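First comes the structure, then the notes that go with it.
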């Protein structure tokens, strides 16, 4: 269920921005996701849970998918491999590990609304994720 | 576990569907979420305030990556080699660790951070070897994160030059995304599993520098094609190193111990600001 963690990380990041700016609410969240992140659909699923009770509660989530490209060391060019997990140059077949695009999990921009009356921002923060317990050794 | 609300009610799945779907009113398709906030968005328009678009360009995992960066700097400053062990449950991480601790005795100091959802059983097994160990229980969490590892590292009070093994939660999916500040991830695949795991769970094998094929002593008894497993691993990660061993019999352990010691020297060279090549030239 790391998608829920990711969704909460995203909302925390957006809420920080909104609170710093003194915004009343967030109306739009633009996220760029690489195909290798593999969380396009599940981020949608976790989104409404993550925004509940936060300054982002009425925000639209916009997801932009980024295709996979790799740098072929033989051709010295950026290429689109034939499959998601087949990191080979489609032209010369050389294996490469250098992913150029496709791993992104990036918050691109946020759209903020400000009410007329300048009221101090409410402390809208999502509930903290389950905190791991770390007993001391011995 | 239900990935939406985090409650334990949705764990049972029949043919991929939640067995108690009705309890989970939120088990619907993604597009509905898009339309619901739309209403809120339109309402927002009816106000008389102003609207601003703010460019952010930050990784969603920025906070974890920040914590991981701090861990990495601390490891480097204290010449600690941190290795993040990732695998399915039951691949033999803890047995591999206990035998590795024995093999490294007299060579280097070893400390262990154990990650499990519940129990301190693994930490107890490590403690019996005499190595320093801290157990992290993630509760409902399916992976370790950099913050928890940083706190566990505080509790360990490692001496300089220690090799720190971080045994992640047994899970071939989620831990791939979370940088802990380790020098590298070590994926463990056992012969009791399917040889196609590297292509079924490609992210983990793509993110790892080394794959250990564990339980090679089972080769006569199981239908596992080791060559095929290696080919699959290289398909998702052309530069991955591979070591075949058995943590039970000790077969192949020399190569593993050599790998750890060589990686430790390389990591220290990097921490000292020298490249591996420069160091090799001076040697």
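The numbers here are math on the coordinates, done by the rules we state, and not lab data. Just so you know, these numbers come straight off a predicted model, no measurement behind them. In this analysis, Cβ positions are derived from the backbone assuming ideal geometry, glycine residues included, and neighbour counts consider all displayed protein chains.
Here the label points at residue B:257 and residue A:76, each 7 Å from Cα along the C-beta direction, are separated by 4.5 nm in the simple model.
Mind checking B:132-141 for the average number of partner chain beta-carbons within 10 Å of each residue's beta-carbon?
Values: counts 2, 2, 5, 5, 4, 4, 4, 5, 4, 8.
Across the residues of B:132-141, the mean count of other-chain Cβ atoms within 10 Å is 4.
Look at the alpha carbon pairs under 8 Å that are at least 6 residues apart: their mean separation over the length of the range B:51-183 gives a relative contact order of 40 percent.
In whole angstrom, how far apart do the alpha carbon centroids of the range A:31-100 and the range B:142-200 sit? Spelled out, the Cα-based centre of one part sits 23 Å from the other. Peptide B:57-69 is shielded by partner chain Cβ atoms: per residue, an average of 5 of them sit within 10 Å of its Cβ. Inter-chain Cβ neighbour count for A:36-46, averaged per residue, equals 4 (cutoff 10 Å, partner chain atoms only). Model label sites at residue A:99 and residue A:20, defined 7 Å from Cα along the beta-carbon direction, differ in position by 2.7 nm.
Pull out a ≥ b ≥ c, the square roots of the eigenvalues of the alpha-carbon gyration tensor of the range B:221-276, then state rounded if a/c is under 1.5, prolate if not and a/b is larger than b/c, and oblate in the remaining case. Since a/c reaches 1.5 but b/c is at least a/b, the shape of the range B:221-276 is classed as oblate.
The protection proxy used here, the mean number of other Cβ atoms lying within 10 Å of each residue, ranks peptides B:203-213, B:87-97, B:122-132 as follows, highest first: B:203-213, B:87-97, B:122-132. Using the beta-carbon distance between residue B:265 and residue A:64 and R0 = 56 Å, what value does 1/(1 + (r/R0)^6) give for FRET efficiency, to the nearest 0.05? The value I calculate is 0.85. For the pair residue A:52 and residue B:221, what calculated FRET efficiency results from E = 1/(1 + (r/R0)^6), where r is the Cβ-Cβ distance and R0 = 51 Å, to the nearest 0.05? That pair, residue B:221 with residue A:52, gives E of 0.50.
Sorted largest first, the principal axis extents computed over the alpha-carbon atoms of the range B:160-223 equal 42, 26, 18 Å. Based on alpha-carbon centroids, what's the gap between the range B:233-273 and the range B:71-132 in Å, whole number please? Distance between centres, Cα-based: 15 Å.
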